[in-house]
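Heads up, the thing below is written out as structure tokens.
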Amino acid sequence: MPLDTASPAQTFAPMVMVAIVLLVLVLRNQRARPLRVELLWVRPVLLLALFGFGALREPIVLTPLNLTVLAVGAAIGVALGWQRGRFMRIEVDPDTHAVTSRASIFGIVFILGVLLLRVLAVTAMRQDAANLPISPIVGSDALIALVIAMFTTQGLEMWTRARRLLAQAQAAKQMTEGNAPIVR
């Protein structure tokens, strides 16, 4: 039976790093940051391009099981992205119409939970790779599909809400200035 030879520093170093990252995330998201609504499409496109290059380097064998695993990963990513997008606080300045966003504490805890689940899934796949019905590459690609779907859906949710809030702010400003919109 092997003895655990890890020093306390080796044991606690990952937990300290997670605590520091969590503290930085909480402090960083305390203030609103400008949200460039017109650029919300850039991150999903870049992620899809990276996934495409990775798939070209290590092609996926397209079996029904592999396609199902990829589709389930993407579907979970859509659900997580929609929820994460809902957690983002989006505000529009009524005078300048500047759009800002801020992550809520729930959103930060939510994404940390998703990251923890990902680490647990990767660890489980590595430990039991010989007994899995799919290859670790397909499992890894499913996690990548999850991330791409999550960021894409989050961006879509934020884009939809930001556009709606911006339209409401513009309509309210027109009404207060006496410039009622012309409806034809």
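General observations
- Residues that are surrounded by fewer than 15 Cβ atoms within 10 Å (Cβ to Cβ) and either in contact with an Asp or Glu (Cβ under 6 Å, 6 or more places away or on another chain) or in a helix (DSSP H, G or I) (or both), drawn from the range 61-85: P64, L65, L67, T68, A71, V72, A75, A79
- Candidates L156, L112, L120, L116 - the one that is open to solvent by 60 Å² or more (accessible area, probe 1.4 Å) and closer than 22 Å to R28 by Cα: L116
- Residue within the range 35-48 that is of a type in the set (A, V, I, L, M, F, W, C), within 14 Å of V147 (Cβ to Cβ) and touching a residue at least 40 places away in the same chain (Cβ under 8 Å) present: yes
- Scanning the range 1-23 for residues that are at pLDDT below 80 and closer than 30 Å to T153 by Cβ yields P14, M17, V18, A19, V21, L22, L23.
- Residues being modelled with pLDDT of 75 or more and among the basic types (K, R) - total across the range 115-159: 0
- Every pair of residues 6+ apart whose Cβ atoms lie under 6 Å, when the first sits in the range 80-99 and is among the hydrophobic types (A, V, I, L, M, F, W, C) while the second is open to solvent by 80 Å² or more (accessible area, probe 1.4 Å): F87/F106
- As a summary of the residue check, D95 satisfies the conditions (1) more than 26 Å from V21 (Cα to Cα); (2) in contact with a Gly (Cβ under 7 Å, 6 or more places away or on another chain) except for the one numbered (2).
- Any chance W41 is touching a Ser or Thr at 6+ places or on another chain (Cβ under 6 Å) and open to solvent by 100 Å² or more (accessible area, probe 1.4 Å): no
The values are calculated or read from the model by the stated rules, or taken from the named source; none is laboratory data. None of the values given here were measured: they were computed from a predicted structure. As a convention, Cβ positions derive from the backbone with ideal geometry for all residues, glycine included, and neighbour counts pool all protein chains shown. Note: accessible area is taken over every heavy atom of the protein model, side chains too, but ligands, DNA and RNA are not part of it. Shrake-Rupley method; radii C 1.70, N 1.55, O 1.52, S 1.80 Å.
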